[in-house]
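My structure is below; once you've seen it, I'll send some questions.
The values are calculated or read from the model by the stated rules, or taken from the named source; none is laboratory data. Not measured: the values here are computed from a predicted model. Backbone-built Cβ (ideal geometry, glycine too); neighbour counts: all protein chains shown. In case anyone asks, the SASA skips ligands and DNA or RNA and just uses the protein heavy atoms, side chains included. Shrake-Rupley method; radii C 1.70, N 1.55, O 1.52, S 1.80 Å.
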Amino acid sequence: MKVVYNWLKDFVDLTATPQDLASRLALSGTNIAGVENGPHGAVIDAEVSSNRPDCLGHYGVAREVGAIYKLPLRHVAPKPAESSAKASDAVKVEIQSSELCGRFTARVIRNVKIQPSPKWLKDRLEASGVASISNVVDISNYVMLELGHPLHTFDYDKVRDHKIIVRRAKPADAAGKAAPEKMRTLDGIERTFDSNICMISDGDGSRPIGIGGIMGGAETEISFSTKNVLIECAWFEPVAIRRAARFLKLHTEASTRFGRGADPEMAELASRRAAELILQLAGGELLSGVVDIYPGKRAPKKIRVTRAEILRVMGADVPDKQVEASLSALGFAPVRIDQNRGAEGSLLAAWECTQPSWRAEVEREIDLIEEIARIYGLDKFPPRLPAARQGAARLPHYEAETRLRERLIGLGYREILTIPHVAEERDALFRPNGVSPARLSNPLSEEANVLRSTGIVTIAGALEWNLNHGQRNVRLFEIGRHYRLNGSESIETRVLTIGATGEAREKGLYDAACDFSFADLKGDLDSLGELVGGFHWQQDGLSWLNPARAATIAVLENLNFPVGYAGQLARRVAEKLKLRQNVFLAELELDPVYAAMRTAKEARRYEPLPKFPSVERDFSLLLADGTKFSDVTKTIQSLGIQEISAVEATDLFRGKSVPAGKYSLLVRVTFQSREATLTEAQIGDYSGKIIYALEKNLGAQRRAS
Amino acid sequence: MPTSDIGLDKTLADLGVTQPEQVALRFAKIRVHFQEHFQTVHDESEWKSFRDRWLGRKSGVLTQITDNWLKPATPQLKRAVGASLNELRAHVESQIEARRAAIESGAEESALARERVDLSLPGFIRPTGSHHLIRQVFQEIEDIFFSIGFSVVEGPEIETPYYNFEALNIPEFHPVRDDMDTFYLELPTGAKTPLLLRTHTSPMQIRTMEKQKPPVRVIVPGKVYRRDNPDATHSFAFHQIEGLAVDSDITFCDFTGTIEYFVKEFFGPSVKTRFRPSYFPFTEPSVEFDVSCPFCGGTGTAAGGGTCSKCKGAAWIELFGAGMVDPAVYGFVNYDAKRVSGFAFGIGIDRLAMLKYGIDDIQVFFQNDVRFLRQFP
């Protein structure tokens, strides 16, 4: 709403500067987007909140100004001269849908002269950002901007039988014989209506001539040949108007005002004000009286406000005079009704107020308290920090999540946050079988029409972005959610997603470059696994992973249901995403990981440090391809030698002197006794048993080292 | 000078030395010879052969003197030879030792020069990762509120219209819904309730109060969604922290005090604050909360003159909306609006991070370019 500074002076004796006014308005609840000094003086751009339709006119803003500056408001009381002919003889109005239209007034003016508006009127419209058309049309806009109440003018002679019927739009009948009702609106567009929309029709009601409260029809529009004018000034039910405007995708100045709740009492006044201006600027003869059908008339509500409640909600007092002055200026007519009426500042003070017709949304005591507080000034309530009465708790998984995050960052991964909206076809690349994705019914674009069913989709997108921007060595992780549907229920699952590509170590002064490999991924994940007492890896292919480098990961509590998977992105998928480097990905479901972290933490106990030295022995083995390191460890462990404290693989190679179909593995076994220093004889004995078992069970050969 | 020239391979008798004066002369010649030789010793290997030449046990000069001059000397000369030999030995040993020390310290000097680290070169840096800036801001805000007794809770991002709108006093066709363009999910026909992406973290106000009786003090960090076309200041996903405090005695003063405490902790003590009346269906009184522009110090004028580009000369920056919980909301969660009161706020995290760190494009948060991520370790 553009508030024209000089226009306000029609209603209050304003002396404050536009800047001061803007700032005071802002601090009393009217959001100000800016102040401009134009050719017609200062214009304040006010962003009126949706609960204040009364401020969508200068008169209503002037009432606020009066309350702020304690200036009396000059009331609008137009008294246009009327002829002896009665309006009620010239036009008939019938409201058939009073649940949509609570009031309809009509006035008729004969023999007007449609012509351009005078300069003062054009100037005020221009300052308000409204184009001037002709005097009568401009007057209806002017009155709307002045009083906040929309009105519509018809060419009286085009209204059939000079009769208006307000009714619901005619729906298509079930049999499909009758089409839904249609009409061409003022903007030249033919529109189709449903039966929840209020139509203004003429004659026998068969022809629509306007959409109630939204826009008039083209056929009865005022033109330069119009002689006689019918002024409609009505009141429409706000929810129905908002619904209709949304249905029609037609949001107008009128629908905004009626949709937020116009003042039904203002309808007749605004009509009279328009008549006065038409007589003044277009001449003619105003028929006497008004046709006023008002089925929606309401008795004004009484609302009580007490000092006790002001104190309870606001925490500080407001003096009686301030309470009364603010409420009076805003039109609430407060009256002290408590027994201590004479006593100023009484804790028992209570006021009974009358809800003004322009403030339908003020219905409760709390609404009045807000009015009092905002005019009094929010800065008058002293801030204080309330004492806490209970301990505060972090999220249950806060500690676990923090430890995972810190460890990942220590391992060189950067945390990212992504938007879960992705393209369906992308999501489908990574979506496990049998998973229903969460599709959007109203996506902004096809690129973002489904919520990711795994974090892999978006982390792949982030890798892609970096590669496309020249960042080749990237290690990322995201702690987020993935989204799926189970029937018509949504499932959000916390996941950790990891993505890495390029060099794990870049060429530097002290080190050669080294590509990120599956071993890096596995090692990093196992560093996390340390927190859950170790991850259990199983060879397993997901369709989008390279089958030779793909695994599922489980935690000890439940080895049958993996918590995640890891591997190298299959070439085929990488090419589709135009990822021209090896890409490694992993995802872990976090709730079971967090649970396992808690269990592992609870189970952790100190193990006394050994008092005797440990001894290492290396075994250089030739093994057949397909024999796993875990076969070696199991074979060694099956010997049941208590003193074995570790079995590690320290070197692995193929080729050269190693025959085809075999590989060479260097295994280091650490012996540690808690009772004594181990003797050469004992170690020799254990080594002999180990070699024998490996030869016998795995067909291992010893290599001369 | 070969040793034969000074007659070390001969006995004194062979050399015709019979008088002690002659012995002294002989030793003087050797000393001259030592000095000459000594001048040529510069490094460790020269020093070693020099030492062996003079002190070597088998054929060192001093051994030869002992063997060839001293041992066969006549009793008259023995005393003089012995004394001179001792003098010479002391001289040679002290000189050789002194030269060793000199050579070693010289070697150390050059070794130091060679091995001294160049501190202008980088150390060996193991690649480390980084926290996302939004996560850092979340953490900072969570910590501030945690320190004054607010617990942290989380909620679903996929919500029902009931929690996102209705229970927050936003019925269908409410004008506020027009400002919160909403994503809906496609559901199978026959679904009981529509599902939407929450447009704010406020649904957790309802879910928290449904589960818990007052006193309530929670904050809710999370992602929210609005169907806005993306540009430098809009993203259809962004982050909020909701706050809610409800108790038997929470007033507007407690509310403004809490918010002021937070803002001074976050932006620093010099920042000024103000509350402007506003409108939200689920709070009353509602406010918009402003801080004095941290870029121009609340003057509206940029450091180099002209209008401050961040607050556009307004001196204030709008931070977030908040207010006292509307009594109508208590009706949805079976709280007695006559007995309890409280406040709620919803802080836009992305906007706050942009303000605090001078970021002019919200999209950088979601692109995850490592050149951006690296700037905020």
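How big is the B/A interface in buried accessible area, both sides summed, 1.4 Å probe, to the nearest 100 Å²? Walk me through the intermediate numbers first.
On the way: alone 21110 and 35810 Å², together 48890 Å².
The summed interface area works out to 8000 Å².
Say a site is exposed when it is one of the GluC sites (Glu not before Pro), sits in a DSSP loop, and has at most 11 other Cβ atoms within 10 Å; what is then the longest site-free stretch of chain A? Can you show the working numbers first?
Values: sites that count: A:E344, A:E675.
Excluding the exposed sites themselves, the longest stretch runs over A:1-343.
Take the alpha-carbon centre of region B:337-377, take the same for region B:31-83, and report the distance between them in whole Å.
Rounded to whole Å, the Cα centres lie 88 Å apart.
If ligands, DNA and RNA are left out, what is the accessible area of B:C308 with a 1.4 Å probe, given in Å² to the nearest 10?
Number for this one is 10 Å².
Go ahead and estimate [θ] at 222 nm for the protein assembly as shown from helices alone: -39,500 (n - 2.57) per DSSP H run with n ≥ 4, summed, over the residue count, rounded to 500.
Values: 34 runs with 363 residues, N = 1082.
The helix-only estimate for the protein assembly as shown comes to -10000 deg cm²/dmol at 222 nm.
What does the charge add up to near A:V573, with Lys and Arg as +1, Asp and Glu as -1, over the other residues with Cβ less than 14 Å from its Cβ?
Numbers: positive: A:R426, A:R431, A:R549, A:R571, A:R572, A:K576, A:K578, A:R580; negative: A:E425, A:D427, A:E464, A:E575.
Residues close to A:V573 contribute a combined charge of +4.
Give a residue-ordered list of calculated ³J(HN,Hα) values for region A:682-691 (Karplus: 6.51 cos²θ - 1.76 cosθ + 1.60, θ = phi - 60°; whole Hz; x for Gly, Pro).
Per-residue couplings from phi come out as 5, 4, x, 5, 4, 4, x, 5, 4, 4 Hz.
What does the accessible area per residue of the protein assembly as shown come to in Å², with a 1.4 Å probe and no ligands, DNA or RNA counted? Don't skip to the end; give the middle numbers.
Details: 48890 Å² over 1082 residues.
On a per-residue basis, 45 Å².
Next question. Quick one: Kirkwood hydrodynamic radius for region A:615-702, alpha-carbon pairs, angstrom, one decimal? Kindly include the intermediate steps, with their values, before the conclusion.
Working: mean 1/r = 0.0745 Å⁻¹.
Across region A:615-702, the inverse of the average 1/r is 13.4 Å.
Then there is this: Hey, could you grab the Kirkwood Rh for the protein assembly as shown? Inverse mean 1/r over distinct alpha carbon pairs, Å, one decimal. Write down the numbers at each step before the final one.
Working: mean 1/r = 0.0267 Å⁻¹.
Taking the inverse mean of 1/r over all distinct Cα pairs, the protein assembly as shown comes out at 37.5 Å.
Take the alpha carbon atoms of region A:444-511, find their center, do the same for region A:574-623, and report the distance between the two centers in whole angstrom.
Cα centroid of region A:444-511 versus Cα centroid of region A:574-623: 22 Å apart.
Compute the separation of the alpha-carbon centres of region A:182-260 and region A:60-104 and state it in Å as a whole number.
About 19 Å separates the Cα centre of region A:182-260 from the one of region A:60-104.
In region B:285-321, what residues drop by 50 Å² or more in accessible surface going from the chain by itself to the full protein assembly, probe 1.4 Å?
Checking the loss per residue gives B:P285.
Which of the peptides B:192-201, B:21-30 is most tightly packed, and how do the rest follow, going by the mean number of other Cβ atoms within 10 Å of each residue? Before the final figure, lay out the partial values.
Working: B:192-201: 20.8, B:21-30: 15.9.
Output ranking for B:192-201, B:21-30: B:192-201, B:21-30.
Could you work out, residue by residue across B:190-196, how many beta carbons of other chains sit within 10 Å of that residue's beta carbon, and then give the average as an integer?
So the per-residue partner count for this stretch is 3.
Counting only residues 5 or more places away or on other chains, whose amide H sits under 5 Å from the amide H of B:L319 once H atoms are built in the peptide plane?
B:F289, B:D290, B:V291
What is the helix-to-structure angle for A:590-603, meaning the angle in degrees between its Cα long axis and the longest Cα principal axis of chain A, kept from 0 to 90 and rounded to the nearest 10?
Result, in degrees: 50.
Let me ask something else. Taking each residue of A:407-416 in turn, how many C-beta atoms of other protein chains fall within 10 Å of its C-beta, and what is the average? Don't jump to the answer; show the numbers that get you there.
Numbers: counts 1, 1, 5, 3, 4, 5, 4, 13, 10, 12.
Per residue, the number of nearby Cβ atoms from other chains is 6 on average.
Working from Cα positions, state the angle (0 to 90°, nearest 10) between the long axis of helix B:75-115 and the longest principal axis of chain B.
For B:75-115 against chain B, the angle is about 20 degrees.
Taking θ as phi - 60°, what are the ³J(HN,Hα) couplings along region B:195-207 by the Karplus curve (6.51, -1.76, 1.60), each to the nearest whole Hz, with x for Gly and Pro?
10, 9, 8, 3, 8, 7, 7, 4, x, 5, 4, 5, 4
Please work out the FRET efficiency for the pair A:D625 and B:E93, using the Cβ-Cβ distance as r and a Förster radius of 60 Å; give the result to the nearest 0.05.
Working: r = 70 Å, r/R0 = 1.17.
The pair A:D625/B:E93 has a calculated efficiency of 0.30.
Sticking with this structure for a sec: Using a loss threshold of 30 Å², tell me which positions in region A:371-397 are less accessible in the complex than in their chain alone. Probe radius 1.4 Å, ligands and nucleic acids ignored.
Buried by 30 Å² or more upon assembly, which counts only protein chains, are A:L378, A:P383, A:R384, A:L385, A:P386, A:A388, A:R389, A:Q390, A:A392, A:A393, A:R394, A:L395.
Output the antiparallel fraction of DSSP beta bridges having both residues in chain B, as a percent to the nearest 5. Display every interim value, and only then the final one.
Details: 42 of 44 bridges.
Antiparallel: roughly 95 percent of the beta bridges in chain B.
Kirkwood Rh over Cα pairs of region A:395-494 into Stokes-Einstein at 4 °C, 1.567 mPa s: D in µm²/s? Could the numbers behind the result be given before it?
Values: Rh = 14.9 Å.
Taking Rh from Cα pairs, D becomes 87 µm²/s.
Could you tell me how many degrees, from 0 to 90 and to the nearest 10, lie between the Cα long axis of helix A:58-69 and the main elongation axis, the longest principal axis, of the Cα atoms of chain A?
80
Sticking with this structure for a sec: Report for the protein assembly as shown the percent antiparallel among DSSP-assigned beta bridges with both residues inside it, nearest 5. If you can, show how the numbers build up before the last one.
Details: 155 of 165 bridges.
If I count the DSSP bridges inside the protein assembly as shown, around 95 percent turn out antiparallel.
With the solvent-accessible surface defined on protein heavy atoms using a 1.4 Å probe, which residues belonging to region B:341-377 display a reduction of at least 30 Å² in accessible area in the multichain context relative to the isolated chain?
B:F366, B:Q367, B:N368, B:D369, B:V370, B:R371, B:L373, B:R374
Something else: Express the carbon and sulfur contribution to the solvent-accessible surface of the protein assembly as shown as a percent, rounded to the nearest whole number, probe 1.4 angstrom. It would help to have the intermediate numbers written out before the result.
On the way: 24920 of 48890 Å².
Looking at the protein assembly as shown in its full context, I get 51 percent from C and S.
Using the 4.7 Å Cβ rule, please list in number order the cysteines from chain B without any candidate partner.
Result for chain B is B:C253, no neighbouring Cys Cβ within the cutoff.
If you don't mind, another one. Relative contact order, percent, of region B:43-99 when contacts are C-alpha pairs under 8 Å separated by at least 6 residues?
Relative contact order for region B:43-99 comes out at 27 percent.
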